[in-house]
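Below you'll find the structure, written out as structure tokens, and then a few comments.
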Amino acid sequence: MKCKYIALLKTALLLGTGTGPAFADQTIYDDALVNSWQDYGWATLNYTNSSPVHSGTHSISVTAGAYEALYLHHAAFATSGYSNLTFWIHGGTSGGQLLQVQALLNGSAQPATNLPPLTTSWQQIVLPLAALGVANKSNMDGFWIQSRSGTSIPTFYVDDIQVTSVAPPAVVHLSIVATQTVRTVDARVFGLNVAVWDSVLDTPNTISLLQDMDNRALRFPGGSLSDDYHWETNTTGTNTWQWASSFSKFANVVTNTGAQVFITVNYGSGTPAEAAAWVQNANVTRQLGIKYWEVGNENYGSWETDTNSRPHDPFTYATRFKDYASQMKAVDPTIKVGAVGITGEDRYANYTDHPATNSRTLAVHNGWTPVMLATLKSLGVTPDFLIYHRYEQAPGAENDAILLQAAATWPNDAADLRQQLNDYLGAAATNVELVCTENNSVYSNPGKQTTSLVNGLFLADSLGHILQTEFNACLWWDLRNGQESGNNNSSSLYGWRPYGDYGITDYSNPSTPTNRYPTFHVAKLLKYFARGGDRVVPATSDYSLLTAFGAQRQDASLSVLVINKHPTAALTANVALAGYLPRSNAVLYSYGIPQDNAAQSGIGSADAVRTNLVLSPPGTNLTFTFDPYSVSVLTLNPPRLSLLPMQTNGLAQIRILGQPGLRCVIQVSSNLVSWTPVTTNTLTGDSLDWPDPGSAGLKMRFYRAQWLP
């Protein structure tokens, strides 16, 4: 549903008058429902009641029969940054109403908290989320205030409803464990979508921009347009006019940037032969070596072009996928062909005449992914990768605080898709990798949040969390899309640009700072954090608004990505390093509010700032302060490797001095021309003696050594 091209009873109940922290709270009702909260109630409700009110001009009046409720709903969000649900309530002229409050997780009501009888004046209710059963959850999606008397009750009133934030601690504790490995970084995690509507795609400025940010993967020809695009004529549908860019121009960009490539072939209105001809042109004629080919784009959705007799049908898709894959691989057997998937076994159950039985649970499902995978298995076909797209919010429902907690659920999506692969493909699932070829904040009609600093923070957080999963690719939507001024530009959203844009840069000269959005600057900043071949190492934080991720680079430096999601508070952090003793020189790269403001004013640098640091003392416990709404990469350098040549009993020896846990490799020579590698060793103490491995009678002449990541 994205607009992809420009034309487009012991309870923890507290009563009182306290106000709680005044920052980053999420208002739910303040004269009206805000922040995308919606009325799901089943009682007689008036959201513009004029008397009594606690503040402002309106309150909510609730006239409830037996067990009726004021029910407020929101798309599921993470609660780790919040502490309490608070509201003011008034019992009207009679008081005495008996009510209960229940919060919900993905629509499932948690245990009820009883309120004491209401009084005839305003009183504040402060309910800890822990008491409601929704603290530190990823999927709170509402709550209700419900009559528990079993009979109709007098009208009562509710006002000033909030979810209050957790106060930041004096010191946030970050931990980085350099001796453990989460995974190896795949270069395709750092990628972008590009599209045929980009009139300046094949230009020196674009190539320079992609090189500047060290972009490692590209996807073409452009999301939903792919299911209506004919690559040979560079047209869509029955149109005779051609798009501003083309595959030939895209090929030039690929050649000049060295990026890996995903091509989405036309499933919706194309043929396997058309797709195979594209492989022929790309990999045989042009010898581009494009490896990754997707069959269609989001074909489960009604927004996609699909001229098949059964549109958006997973059974038809799987049957045709077999033909696509076989004909494309007949041209180039080395390519990988991916199939479209989605989380959830019952999502997009567009048809019910080809049910799929889960081999593990024996439950029957009609959702897109189960039917598609089960059909592929019956045909003896295994896709090389499963394609997933993820957008966090619906248009008009954007919320900065919720967006900045959303990425924490990436491991849930990876586990869901892997389980479906295992359940419906069996042993063959082992060879199917997970890739995300579209990611952004809102799935259509982008508003000001997409061009704000918040979306830059979200990009960094999303990639940091993806790197904790088995997803091997993530391609941001997109390089250029076009400004849209008529969508959600609410003052409740951070940011000074009065328009939205999916692109990381505008169509104007990309060297102009105002035309490079925060998402560009953050994507560029991340090249200092990790690239393909680096090791992801465990990182933790004890405060959800300061997120940390770790990576050890191939040059043995240690990088720490830190995202401060608090809009106003600078956060001081103690960074505890395990298995890594850095040298005193370090580098901090940072991008945040001052740089974003510089793009508006033209005063100062709009690019990330590099600061050279001297750690004194270097140590394994370091203290840094991170500015509000900022992304930072701390680069720590490995200790120097000290070698001490020795003679013991007539034999040469090397004594290696270093930190326990670090790995090193030594090469020695018994003559002037031959170097002999020695097995990699991990220091268990502060030194390691290594005897001359040369043959009897030879003495070690030269030696060299290096740290390994």
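The values are calculated or read from the model by the stated rules, or taken from the named source; none is laboratory data. No experiment lies behind these values; they were computed from the predicted model shown. Counting neighbours? That spans all protein chains shown, and the Cβs are built from the backbone with ideal geometry, glycine included.
Numerical summary
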{"item": "Strands (runs of 3 or more DSSP E) wholly inside segment 139-231 containing at least 1 residues that are under 27 Å from Asn299 (Cβ atoms) and among the small types (Gly, Ala, Ser)", "result": "191-193, 217-220"}
{"item": "Residue ID - surrounded by the most Cβ atoms within 10 Å (Cβ to Cβ), chosen from residues in segment 84-118 that are among the small types (Gly, Ala, Ser) and in a strand (DSSP E or B)", "result": "Ala103"}
{"item": "Residue among Glu392, Glu398 that alone is assigned to a strand (DSSP E or B), touching a helix residue (DSSP H, G or I) at 6+ places or on another chain (Cβ under 6 Å) and not aromatic (Phe, Trp, Tyr)", "result": "Glu392"}
{"item": "Set Ala523, Ala530: member being assigned to a loop (DSSP other than H, G, I, E, B), under 19 Å from the mean Cα position of the chain (by Cα), within 26 Å of Ser208 (Cα to Cα) and hydrophobic (A, V, I, L, M, F, W, C)", "result": "Ala530"}
{"item": "The one condition in (1) assigned to a helix (DSSP H, G or I); (2) among the polar types (S, T, N, Q); (3) modelled with pLDDT of 95 or more that Asn440 fails to fulfil", "result": "(1)"}
{"item": "Exclusive hit being assigned to a helix (DSSP H, G or I), within 30 Å of Ser165 (Cα to Cα) and among the hydroxyl-bearing types (Ser, Thr, Tyr), set Thr409, Thr369", "result": "Thr409"}
{"item": "Residue match in segment 372-386 (condition: at pLDDT 95 or above and under 23 Å from Asp478 (Cβ atoms))", "result": "yes"}
{"item": "Enumeration of residues in segment 290-311 that are of a type in the set (Ser, Thr, Tyr) and buried (at least 16 other Cβ atoms within 10 Å of the Cβ)", "result": "Tyr292, Tyr300, Thr305"}
{"item": "Whichever residue in segment 396-415 is over 14 Å from the mean Cα position of the chain (by Cα) and surrounded by fewer than 18 Cβ atoms within 10 Å (Cβ to Cβ) and, among such residues, is farthest from Glu470 (Cα to Cα)", "result": "Gly396"}
{"item": "Every pair of residues 6+ apart whose Cβ atoms lie under 6 Å, when the first sits in segment 265-276 and is in the same structural domain as Pro311 (by TED's automatic domain parsing) while the second is polar (S, T, N, Q)", "result": "Tyr267/Asn299; Gly268/Thr305; Ser269/Thr305; Ser269/Thr307; Pro272/Gln327; Ala276/Gln327"}
{"item": "Matching residues in segment 255-275 - criterion: being in a helix (DSSP H, G or I) and surrounded by fewer than 22 Cβ atoms within 10 Å (Cβ to Cβ)", "result": "Thr255, Asn256, Thr257, Pro272, Ala273, Glu274"}
{"item": "Residue among Ser492, Ser544 that is under 23 Å from the mean Cα position of the chain (by Cα), part of a loop (DSSP other than H, G, I, E, B) and surrounded by fewer than 17 Cβ atoms within 10 Å (Cβ to Cβ)", "result": "Ser492"}
